[in-house]
Amino acid sequence: VMRQVPFLQDFMNNLHECNYKGFFQSLVNLNVRICTDRYLATHKDWFFREVRVLAYVQFLESYKSVTMKSMAQSFGVSETFLDKELAHFISSRRINAKIDKVAGVIETCQPNETNARYQSVIRQGDLLLNRVQMLSRAINV
């Protein structure tokens, strides 16, 4: 399939080799192909959003902090575009990072496994308490 679809091999290789500028260029070229496909055209927005998130997360995994300028240069996009994109994905909790707009720096926040387990236990405990309360109300009626 990769040899049959133009730009698909470049798309995959650029992502694998962390060539993000080439990845975004092949993404634009692949857009033309996906828009003409009757089955994929309806899902193109979702697909492009997901692969961009994947590329941003892959890039940011390597850094504790990175400047907005260097990340924009790596992806071949403007700083304003990148700022808008990252702000959207960070606010929707798709990317674990913070943007320091004054310093022009993106700081990654690596999730803590212990904290995640604690939050999960709290959530499950709340659900259990709610069910027990509903059961006790049903018994009392």
Can you find even one residue in segment 130-141 that is within 29 Å of Arg52 (Cα to Cα) and of a type in the set (A, V, I, L, M)? no
Members of segment 109-122 found to be open to solvent by less than 90 Å² (accessible area, probe 1.4 Å) and modelled with pLDDT of 90 or more, listed by number: Ile122
Flagged pairs (Cβ under 7 angstrom, 6 or more apart or on separate chains; first in segment 90-105, closer than 19 Å to Ala55 by Cβ; second open to solvent by 60 Å² or more (accessible area, probe 1.4 Å) and modelled with pLDDT under 90) are Asn96/Gln110; Asn96/Pro111
Taking the conditions exactly as written (at pLDDT 90 or above, farther than 27 Å from Met12 by Cβ, open to solvent by 60 Å² or more (accessible area, probe 1.4 Å) and among the β-branched types (Val, Ile, Thr)), does Thr80 satisfy them or not? yes
Restricting attention to segment 13-35, does a residue exist that is in contact with a strand residue (DSSP E or B) (Cβ under 9 Å, 6 or more places away or on another chain), closer than 20 Å to His88 by Cβ and hydroxyl-bearing (Ser, Thr, Tyr)? no
Lone qualifier among Arg52, Arg3, Arg38, Arg33 - being among the basic types (Lys, Arg), without any contact (Cβ under 8 Å) to a residue 40 or more places away in the chain and crowded, with 16+ Cβ neighbours inside 10 Å: Arg52
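Here is a yes/no grid of residues against (1) more than 22 Å from the chain's Cα centre (by Cα); (2) at pLDDT 90 or above; (3) over 26 Å from Val5 (Cα atoms); (4) surrounded by 10 or more Cβ atoms within 10 Å (Cβ to Cβ):
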position: Lys44; (1), (2), (3), (4): no, yes, no, yes
position: Met71; (1), (2), (3), (4): no, yes, yes, yes
position: Gln124; (1), (2), (3), (4): yes, yes, yes, yes
position: Val132; (1), (2), (3), (4): yes, yes, yes, yes
Is it the case that some residue within segment 83-97 is hydroxyl-bearing (Ser, Thr, Tyr), open to solvent by 50 Å² or more (accessible area, probe 1.4 Å) and over 15 Å from Tyr20 (Cβ atoms)? yes
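The values are calculated or read from the model by the stated rules, or taken from the named source; none is laboratory data. On a predicted model such as this, the values are computed, not experimentally measured, just so you know. Reconstructed Cβ throughout: ideal geometry from the backbone, glycine too, with neighbour counts over all protein chains shown. These accessible areas exclude ligands, DNA and RNA; they are computed on the full protein's heavy atoms, side chains included. Shrake-Rupley method; radii C 1.70, N 1.55, O 1.52, S 1.80 Å.
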